[in-house]
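Below is one structure, written out as structure tokens; comments come after it.
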Amino acid sequence: MNMMNPDISLSDEIPADETQRQYYYIEKARMYVQRASLSAGRPLTFCVTTFGCQMNARDSEKLRGILREIGYMEASEEQADFVIFNTCTVRENANTRVYGRLGQLKPRKKKNPHMMIGLCGCMMQEPEVVEKLKRSYGFVDIIFGTHNIFKFAELIAMRYETGRRVIDIWKDTDQIVENLPNQRKYSFKSGVNIMFGCNNFCSYCIVPYVRGRERSREPQAILDEIKRLAKDGVVEVMLLGQNVNSYGKTLEHPMTFAQLLTEIESVEGIERIRFMTSHPKDLSDELIEVMSRSHKICKHLHLPVQSGSSRILQKMNRHYTKEQYLDLVNRIRSAVPDISLTTDIIVGFPGETEEDFQETLDIVRKVQYDSAFTFIYSKRTGTPAAAMENQVPEDVVKDRFNRLLNEVQTIAAKTCAVHQDTVQTVLTESVCDHDASMVTGRLSNNLLVHFPGSADLIGKLVPVYLAECKGFYYLGRLAE
Ligand code: 5AD
Ligand code: SF4
């Protein structure tokens with residue numbers, strides 16, 4: 001728990017400071033939840049379901065922290081009285097899934113008088129979505145967006161107080177509210193937001209519209225949080241932002257991402273530092289330098305390429321060419337030879353020809369990625385690409401997608417195998433899903449390894465001999 005709970009009484013005036021104000025509403029919501037539990041004759045339960053990226057996963061931890069604080073207990077989605085969907089809208093199918101899941105909740109709500117449904121996250125920042133929800137999903141209780149999740153307790157209190165649906169969507173914000181509760185999924189590792197929003201406007205991407213303008217957290221707030229986490233037993237942090245390489249540009253006293261990393265490196269107790277996502281156009285030589293010197297920054301870089309065709313990259317508004325990307329990869333590899341590189345690739349961007357697609361296959365072969373997330377282009381209303389001509393027919397895109405996936409998987413299996421018969425430091429993360437006599441851990445380069453061991457290894461860094469490569473993961477054993 002990341003708690004700085006000020007002493008607040010409901011008979012006081014509502015505090016002006018935003019953090020304190022939210023603790024006031026946490027108190028208030030706790031009172032309502034207590035009453036509702038009494039009338040139900042049992043504790044009320046919640047479930048937060050996350051769609052989408054690591055940013056959303058981190059936001060969900062904040063929602064869980066608040067729900068715990070106000071007296072809800074965690075349960076499975078099937079059992080929960082309060083179900084919250086933290087939504088994603090980066091591709092159309094993410095939206096479709098949310099509507100499907102909502103439909104399933106409706107009959108449950110009719111039967112359970114204590115049931116509440118909350119919707120938040122990126123999808124709620126789209127006005128058409130909120131209109132549709134108002135029109136056809138009247139049973140949803142609370143709707144809010146990405147800019148005001150810190151107000152969750154206040155919105156819950158308001159829902160209880162008025163007995164009516166609460167909708168609160170902000171267009172944008174420059175506010176960053178620190179020190180609210182959160183409930184981490186893992187005891188030994190944690191995501192840490194270092195910045196919010198995105199200013200890049202890649203022409204296919206809806207994120208800048210739903211997450212707002214780029215703003216960085218103050219370095220001191222980040223360091224304080226990481227020090228608290230380290231004291232709490234966290235050994236690995238994942239620094240989160242849509243474009244971490246442009247960290248610090250908007251601060252009153254600007255600082256670079258590389259400088260921030262150097263400061264984080266000095267926090268005692270933190271053994272591993274990860275970050276995502278990097279934009280190739282902003283990845284500096286200073287960062288490469290810091291990575292090559294560091295003992296804590298993991299040997300893994302997620303560097304979305306999106307396409308191998310310079311012509312398409314330009315239409316995507318990515319601000320680099322195929323050659324510049326390859327040159328960057330060379331510079332990174334010369335400085336950090338054993339680094340693992342992963343990427344995101346979109347197939348079927350408007351106007352993509354077979355020649356453009358061949359360029360994508362070519363860059364994949366040249367870089368030899370350790371793994372790649374491949375996506376079929378999804379048309380997002382309001383983005384420049386949605387209005388472009390020559391949208392590629394579905395069957396052509398599917399065929400390209402399959403060919404790309406095949407290439408990516410063949411290469412990934414090959415690059416994974418190079419670690420065979422080495423001993424690597426592994427952070428043990430969990431008991432193995434398939435075999436309770438084994439545990440699962442992660443290498444610095446992000447590969448997974450299963451090895452015989454028990455739950456007391458969880459959260460510990462141990463040397464593991466990588467005995468057998470299984471394509472995308474290893475089987476191993478503890479080394480002496
Ligand atoms: N269609 C398909 N993929 C997309 N991404 C972002 N927007 C779209 C879209 N409209 C992918 C990009 C990005 C990843 C998070 O999602 O590859 O890096
Ligand atoms: Fe979207 Fe581009 Fe921003 Fe990434 S950098 S969130 S792809 S606009």
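The values are calculated or read from the model by the stated rules, or taken from the named source; none is laboratory data. Given the structure is predicted, the values throughout are model-derived calculations rather than measurements. No Cβ is skipped: glycine too gets one built from the backbone with ideal geometry, and neighbour counts run over all protein chains shown. These accessible areas exclude ligands, DNA and RNA; they are computed on the full protein's heavy atoms, side chains included. Shrake-Rupley method; radii C 1.70, N 1.55, O 1.52, S 1.80 Å.
One table, with the values for the structure above:
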read-out	value
Rounded to 10°, Cα long-axis angle of helix 92-111 versus longest principal axis of the chain	30 degrees
For the chain, calculated [θ]222 nm from helices alone, where every DSSP H run of n ≥ 4 adds -39500 (n - 2.57)	-11500 deg cm²/dmol
Cut-off under 5 Å, modelled amide H: who pairs with SER203 long-range	ASN317
Net charge of neighbours whose Cβ lies under 15 Å from the Cβ of LEU105, counting Lys and Arg as +1 and Asp and Glu as -1	+4
Distance between modelled label sites at ALA75 and ASN112, nm, 7 Å Cα→Cβ extension	0.5 nm
For the chain, accessible area per residue (1.4 Å probe, heavy atoms of protein chains only), Å²	44 Å²
Estimated inter-spin distance, LYS366 and ARG213, nm [label 7 Å along Cα→Cβ]	3.7 nm
GluC sites (Glu not before Pro) within the range 364-464: DSSP coil, no more than 13 neighbouring Cβ in 10 Å	GLU389
Semi-axis lengths (Å, descending) of the ellipsoid that matches the C-alpha gyration tensor of the chain	37, 28, 23
Under 27 Å from the Cα of LYS322 - lysines, other chains or at least 8 residues apart	LYS249, LYS281, LYS299, LYS366, LYS379, LYS398, LYS414
Carbon + sulfur, % of accessible area of the chain - ligands and nucleic acids excluded, 1.4 Å	50 percent
Highest-first arrangement of 59-69, 459-469, where packing means the average Cβ count within 10 Å	59-69, 459-469
Extension gain, GLU468 back to GLU354 (0.36 nm per residue minus Cα-Cα distance, nm)	37.3 nm
With Cα atoms, 0 to 90° folded angle of helix 127-136 axis to the chain main axis	50 degrees
Label-point separation in nm, ASN390 to TYR99, each point 7 Å along Cα→Cβ	3.1 nm
3J(HN,Hα) from dihedral phi, the range 171-179, Karplus parametrisation 6.51/-1.76/1.60, rounded to Hz, x for glycine, proline	6, 6, 7, 10, 7, 10, 9, 8, 6
Cα centroid of the range 154-174 to Cα centroid of the range 379-420, whole Å	39 Å
Local net charge near THR428, Cβ-Cβ under 15 Å (Lys/Arg +1, Asp/Glu -1)	-1
0 to 90° range, to nearest 10: angle between helix 322-335 axis and the chain longest Cα axis	90 degrees
Kirkwood hydrodynamic radius over Cα pairs of the range 147-285, then Stokes diffusion coefficient at 37 °C and 0.692 mPa s, in µm²/s	198 µm²/s
